[in-house]
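Below is one structure, written out as structure tokens; the observations come after it.
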């Protein structure tokens, strides 16, 4: 299974399930901007493949490819750190967005030939007065064969 197909399927799943996200794209699109204004992008999710091992299946030229993807979540600060994390009556905080991403992707194949996505871990990556950036990792497995 081509990694870019899985990455695109995850992006499509997030766009469908979380229409309130202003931006959903590959992480490379964010990194292409020399100095992105994260606050203007938010709420947003950026997806990237982060690697994974291959394990041979029997003695054939077939391998299980364990793929790990990260969803980078960007949310802006509306008034205070507490509201940034927990949200308000009219906007979601980063914790709510994390829950939504987990619910949108957990146990999903996103329409491609992979094992259902499994959440692995999450962690804060950056926090400023204006934005918080959080990473959420998911793992899946697909068969790969020598062509």
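The values are calculated or read from the model by the stated rules, or taken from the named source; none is laboratory data. Note that the coordinates shown come from a computational prediction; the quantities given were computed from them, not determined experimentally. In this analysis, Cβ positions are derived from the backbone assuming ideal geometry, glycine residues included, and neighbour counts consider all displayed protein chains.
Answer yes if at least one residue in the stretch 106-128 is at pLDDT below 90, exposed (fewer than 15 other Cβ atoms within 10 Å of the Cβ) and over 13 Å from the mean Cα position of the chain (by Cα), and no otherwise.
yes
When you check residue 135 against the structure, is it free of Cβ contacts under 8 Å to residues at least 24 places away in the same chain, within 17 Å of residue 27 (Cβ to Cβ), out of contact with any helix residue (DSSP H, G or I) (no Cβ under 6 Å at 6 or more places or on another chain) and not in a loop (DSSP other than H, G, I, E, B), yes or no?
Here the answer is no, as residue 135 does not meet what is asked.
Among the residues of the stretch 91-126, which ones are touching a residue at least 40 places away in the same chain (Cβ under 8 Å) and assigned to a strand (DSSP E or B)?
120, 125
If you take the residues in the stretch 30-60 that are assigned to a helix (DSSP H, G or I) and in contact with a strand residue (DSSP E or B) (Cβ under 7 Å, 6 or more places away or on another chain), which one is surrounded by the most Cβ atoms within 10 Å (Cβ to Cβ)?
For the stretch 30-60, the residue satisfying everything is 41.
Any residue at all in the stretch 83-103 that is surrounded by 15 or more Cβ atoms within 10 Å (Cβ to Cβ), in contact with a strand residue (DSSP E or B) (Cβ under 7 Å, 6 or more places away or on another chain), more than 22 Å from residue 30 (Cα to Cα) and modelled with pLDDT of 95 or more?
no
As an exercise: evaluate residue 78 against (1) assigned to a strand (DSSP E or B); (2) modelled with pLDDT under 95; (3) touching a helix residue (DSSP H, G or I) at 6+ places or on another chain (Cβ under 9 Å) and give the number of the one condition it does not meet.
(1)
Output the residues belonging to the stretch 9-29 that are part of a helix (DSSP H, G or I) and either modelled with pLDDT under 95 or more than 21 Å from residue 99 (Cα to Cα) (or both).
Of everything in the stretch 9-29, those that are part of a helix (DSSP H, G or I) and either modelled with pLDDT under 95 or more than 21 Å from residue 99 (Cα to Cα) (or both) turn out to be 27, 28, 29.
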